[in-house]
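In what follows, a single structure is set out as structure tokens and then discussed.
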Amino acid sequence: MKLEWLDDVIVLLEEGNLSRAAARRNITQPAFSRRIQGFEEWLGIAVLDRQVNRVDVHPALQSSETEIRALVKRLRELPKKIAAYEATRTTVAIAAQHAPLCSAFPDMALKATSRFPGLQFRPRAGNLNDCVSMFLRGDTSMLLCYEAQSIGALQFGANIQRGVWGNDYLVPVVGGSLRYRVTDGGAIPLETPAIVYPDDSYFGEVLHRNARVFGTLSFSETPFSITAFSSGTREMILAGLGVGWLPFSMIYRELENGDLISLAERYGKETLEVAVYADNKSVVAMDLMGLWAQVSESGRA
């Protein structure tokens, strides 16, 4: 297959006519038609409907125009990419939930770059479902997420390795003026406003499953806000807008200096693991897995 055939196809799709397309390509119509035939032989499918008085472009080819254009662009960029390659500057794409991206990834990145100085990261943040989709599509070679002990690990195929960076806890906390509502016994009035997680978010699922007070709409008498973004939840809690649940690693400094008060002694906590998944076909991803975590079979702690 020749790259010029794809250029011919794009012009043909734009013009919708063999004669006009041949003129734009500065060749005769018979020569242009032969090049299209060469593309058809490589493809194994006729893309033109050749009739007595006219030639029509097959709808299947028209529907693939965007993909063909993207392919041509990637092929033209490939020589530049190869020429500019530096072995010491590898970029790793990693899909990561917002919470561990804020709480765990900075330390992980520091450890990685101290071992591999030229390494670069391309984090792709999202909720857990989006992150899993990106990882399975091959958009990233690694996945970073929280996994609650009460739910268990994700299940992938044999080509995916799982490791654990460390442990964390999801704890209820309160800040701002609401700290003064906390009793000596570590309780707070149940009508206190709450920053809750949606039931369909990962933390929302964990908290709802275990009926954690102030965690979701079902277990909060006075919800102030519903958000799946723990970094935003943290700022609202610090401002005294409501009680909420956050990973301990995101707030340990605020707990130490008294800006936040933990309510875990009264309302419990959820055990979390910072899990890392890697596609074992990626050498760099597996090198990082060996640096960051003890590798185990996918789906096992």
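Bear in mind these aren't lab numbers, they're just calculated from the coordinates by the rules spelled out. Everything numeric here is computed off the predicted structure, so don't read it as measured data. For neighbour counting, all protein chains shown are included, and Cβ atoms are generated from backbone atoms with ideal geometry for every residue, glycine included.
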Problem set entry | Antiparallel bridges, percent of DSSP beta bridges restricted to the chain (to nearest 5) | 65 percent
Seminar exercise, completed: Here the net charge surrounding GLU235, from other residues whose Cβ is less than 12 Å away from its Cβ (Lys, Arg +1; Asp, Glu -1), is -1
Problem set entry | Residue-count net charge about ALA99 - beta-carbon cut-off 13 Å; Lys, Arg +1, Asp, Glu -1 | -3
Exercise. Å³ per residue of the Cα convex hull, for the range 48-179?
Worked result: 235 Å³
Seminar exercise, completed: Diffing the range 235-249: the Karplus 3J(HN,Hα) column from phi (6.51, -1.76, 1.60, θ = phi - 60°), in whole Hz with x for Gly and Pro, holds 5, 5, 5, 4, 7, x, 8, x, 7, x, 10, 9, x, 4, 5
Exercise. Can you pull the Rg over Rh of the chain, Cα-only, Kirkwood?
Worked result: 1.19
Problem set entry | Amide hydrogen neighbours beyond the local backbone of ALA96, cut-off 5 Å, H modeled | ARG124, ALA125, GLY126, LEU144
Seminar exercise, completed: Taking R0 as 51 Å and r as the Cβ-Cβ distance between ASN17 and ASP107, the FRET efficiency 1/(1 + (r/R0)^6), rounded to the nearest 0.05, comes to 0.25
For this session: Could you size up the charge dipole of the range 195-239 around its Cα centre, putting +1 on the beta carbon of Lys and Arg and -1 on that of Asp and Glu, and report it in debye to the nearest 20?
Result: 120 debye
Exercise. Roughly how many debye, to the nearest 20, is the charge dipole of the range 1-120 about its Cα centre, given +1 on each Lys and Arg Cβ, -1 on each Asp and Glu Cβ, and no other charges?
Worked result: 400 debye
For this session: Go through MET142, ILE36, LEU260 and say which Cα lies farthest out towards the positive end of the charge dipole of the chain; charges sit on Cβ, +1 for Lys and Arg, -1 for Asp and Glu.
Result: ILE36
Problem set entry | ³J(HN,Hα), Karplus 6.51/-1.76/1.60, whole Hz, each residue of the range 266-276, x for Gly, Pro | 9, 10, x, 8, 10, 6, 10, 10, 8, 9, 10
Exercise. How far is helix 65-83 tilted, in degrees, relative to the longest principal axis of the Cα atoms in the chain, given as a value from 0 to 90 rounded to the nearest 10?
Worked result: 80 degrees
Problem set entry | From phi via Karplus (6.51, -1.76, 1.60), per-residue ³J(HN,Hα) for the range 122-133 in Hz, x at Gly/Pro | 10, x, 10, 7, x, 6, 4, 4, 5, 5, 4, 4
For this session: Sum -39500 (n - 2.57) across every DSSP H segment of at least 4 residues in the chain, then divide by the residue count to get the 222 nm mean residue ellipticity, nearest 500.
Result: -12500 deg cm²/dmol
Exercise. For the range 241-295, what is the convex hull volume of its Cα atoms per residue in Å³?
Worked result: 135 Å³
Problem set entry | Compactness of the range 1-79 as Cα Rg over 2.2 N^0.38 Å, two decimals | 1.05
Problem set entry | Under 5 Å, built H, 5+ apart or other chain: amide partners of THR222 | ALA194
Problem set entry | Size of electric dipole in the range 172-273: Cβ of Lys, Arg +1 and of Asp, Glu -1, about Cα centre, debye, nearest 20 | 140 debye
Exercise. Relative to the longest principal Cα axis of the chain, at what angle does helix 29-43 sit, 0 to 90 degrees, rounded to 10?
Worked result: 50 degrees
For this session: Could you state, as a whole-number percent, how many of the C-alpha pairs of the range 168-272 are farther apart than 25 Å?
Result: 6 percent
For this session: List the residues whose amide H sits under 5 Å from the amide H of VAL164, counting only those 5 or more places along or on another chain, with H placed 1.01 Å from N in the peptide plane.
Result: VAL276, GLN294
